[in-house]
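K.L.:
One structure is given below, represented as C-alpha cells, and several questions about it will come after.
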Amino acid sequence: MYRSAGRPAARFGIERDAIWFLLELQEEVGEPTQAFLMTTGQARDKGRSPEQLDEAFRQEVSDVFCQTLLLARIHGIDLTSAVNDKWLVWTEQGIGS
C-alpha cells in the first residue's frame, strides 16, 4: 500500500513527508462525497451504470481508509489502541480482544 501511494510522488519528485500524507488524505476525503452524490442522483453520473457508481464509491471509501492508515503509520500511531481508547472505551471488549 505504501509503495503504490508513492508512485505519483516519485514520478513528480515529491517528498512523502507528514505534510504530504495529510494533504493526500484531505484530497481523498472529498472523492467519496462526489461518488456518493453520483450514486444517489444528486450529481451527474457521467454515463456510468449504477453498478459502476457503486464500485466507484466503494473504491473511494477504500482510498480514504488506506490514506488514513498511511498517515497513522508515518506518525507512529497504533490505530488499534487509538480506536479502543477513543471509540470503544465504553465497551467491554475493544478491537483484538
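The values are calculated or read from the model by the stated rules, or taken from the named source; none is laboratory data. Everything numeric here is computed off the predicted structure, so don't read it as measured data. Note that we place each Cβ from the backbone using ideal geometry, even for glycine, and neighbour counts take in every protein chain shown. Note: accessible area is taken over every heavy atom of the protein model, side chains too, but ligands, DNA and RNA are not part of it. Shrake-Rupley method; radii C 1.70, N 1.55, O 1.52, S 1.80 Å.
K.L.:
Of everything in the stretch 65-76, what is open to solvent by 90 Å² or more (accessible area, probe 1.4 Å), part of a helix (DSSP H, G or I) and more than 30 Å from T39 (Cα to Cα)? Give them in sequence order.
P.N.:
If the condition is that a residue be open to solvent by 90 Å² or more (accessible area, probe 1.4 Å), part of a helix (DSSP H, G or I) and more than 30 Å from T39 (Cα to Cα), then R73 is the only one that fits.
K.L.:
Which condition does A82 not pass, out of (1) at pLDDT 90 or above; (2) surrounded by 14 or more Cβ atoms within 10 Å (Cβ to Cβ); (3) aliphatic (A, V, I, L, M); (4) within 30 Å of I19 (Cα to Cα), if it passes all the others?
P.N.:
Checking A82 against (1) at pLDDT 90 or above; (2) surrounded by 14 or more Cβ atoms within 10 Å (Cβ to Cβ); (3) aliphatic (A, V, I, L, M); (4) within 30 Å of I19 (Cα to Cα), the one that fails is (2).
K.L.:
Same structure again: Out of S62, S49, which single residue is open to solvent by less than 100 Å² (accessible area, probe 1.4 Å), under 24 Å from D17 (Cβ atoms) and of a type in the set (G, A, S)?
P.N.:
Going through S62, S49 in turn, just one is open to solvent by less than 100 Å² (accessible area, probe 1.4 Å), under 24 Å from D17 (Cβ atoms) and of a type in the set (G, A, S): S62.
K.L.:
Does at least one position in the stretch 77-97 carry a residue that is in contact with a Gly (Cβ under 7 Å, 6 or more places away or on another chain) and in a loop (DSSP other than H, G, I, E, B)?
P.N.:
There is at least one residue in the stretch 77-97 that is in contact with a Gly (Cβ under 7 Å, 6 or more places away or on another chain) and in a loop (DSSP other than H, G, I, E, B).
K.L.:
Now for a different question. Consider R3 carefully, then state whether it is open to solvent by 50 Å² or more (accessible area, probe 1.4 Å), modelled with pLDDT under 90 and part of a helix (DSSP H, G or I).
P.N.:
Taking the combined requirement at face value, the residue satisfies it.
K.L.:
Something else: Give the residue that is farthest from A56 (Cα to Cα), with candidates limited to residues of the stretch 21-33 that are free of Cβ contacts under 8 Å to residues at least 12 places away in the same chain and open to solvent by 50 Å² or more (accessible area, probe 1.4 Å).
P.N.:
If we take residues in the stretch 21-33 being free of Cβ contacts under 8 Å to residues at least 12 places away in the same chain and open to solvent by 50 Å² or more (accessible area, probe 1.4 Å), then L23 is farthest from A56 (Cα to Cα).
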